[in-house]
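Remarks on the structure that follows.
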Amino acid sequence: MPAADSSLRDRVAARLDEYKDRLLELSHELHGDPETSFAETRAAERLAVLLEGAGFAVNRAVCDLPTALTAEYGSGDLTVGVCAEYDALPEIGHACGHNIICAAGAGAAIALAAAADELGFRVKLLGTPAEEEGGGKC
């Protein structure tokens, strides 16, 4: 493997390692505080704050949905999209693991951002509400 590839891989791994505790905390917070479709205000804000801290430009309440967001890092003709779901099931909570999906999506976006400038692409995370009921992704 060329040294440049190894160096980039090391930077991506280090960035993810830097955020692993915060990502796990995000997952646990969402699990302990479930919010149902179109009411995921605390979940969306927790995700937004984490991504802003990682250098992303966050837009809240996109597409006329108060709990939808986008977060972007980098620039270039290629955009790598990542979805993050964070709603819970009524009366059950996070039985489908959206707390984990949200944290994993945030982690993927943060890791990709570590390579975006050098490789010339944009990372765009879509915070997608109401996956369980209501079709917030649409």
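Numbers at a glance
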item: Matching residues, the stretch 100-109, being open to solvent by 10 Å² or more (accessible area, probe 1.4 Å) and either more than 18 Å from Leu23 (Cα to Cα) or not small (Gly, Ala, Ser) (or both); result: Ile100, Ile101
item: Selection count, the stretch 89-114, where residues are farther than 18 Å from Ala48 by Cα and in contact with a strand residue (DSSP E or B) (Cβ under 8 Å, 6 or more places away or on another chain); result: 5
item: Hey, Ala116 aliphatic (A, V, I, L, M), modelled with pLDDT of 95 or more and surrounded by 18 or more Cβ atoms within 10 Å (Cβ to Cβ) or not; result: yes
item: Selection count where residues are acidic (Asp, Glu) and open to solvent by 40 Å² or more (accessible area, probe 1.4 Å), scope the stretch 85-99; result: 1
item: Filter result for the condition that a residue is surrounded by 14 or more Cβ atoms within 10 Å (Cβ to Cβ), free of Cβ contacts under 8 Å to residues at least 24 places away in the same chain and in contact with a strand residue (DSSP E or B) (Cβ under 9 Å, 6 or more places away or on another chain), over Val49, Val58, Val80; result: Val58
item: Complete set of residues in the stretch 23-38 that are surrounded by 15 or more Cβ atoms within 10 Å (Cβ to Cβ) and among the aliphatic types (A, V, I, L, M); result: Leu23, Leu26, Leu30
item: Any hit, the stretch 12-22, residues being under 16 Å from Val123 (Cα atoms) and open to solvent by 50 Å² or more (accessible area, probe 1.4 Å); result: yes
item: Positions within the stretch 119-130 being under 21 Å from Leu50 (Cα atoms) and open to solvent by 40 Å² or more (accessible area, probe 1.4 Å), in sequence order; result: Arg122, Lys124, Leu126
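The values are calculated or read from the model by the stated rules, or taken from the named source; none is laboratory data. Predicted model only: the values in this text are computed from it and were never measured. Positions of Cβ are backbone-derived with ideal geometry, glycine not excepted, and every protein chain shown enters the neighbour counts. Calculation scope for accessible area: heavy atoms of the full protein, side chains included, ligands and nucleic acids excluded. Shrake-Rupley method; radii C 1.70, N 1.55, O 1.52, S 1.80 Å.
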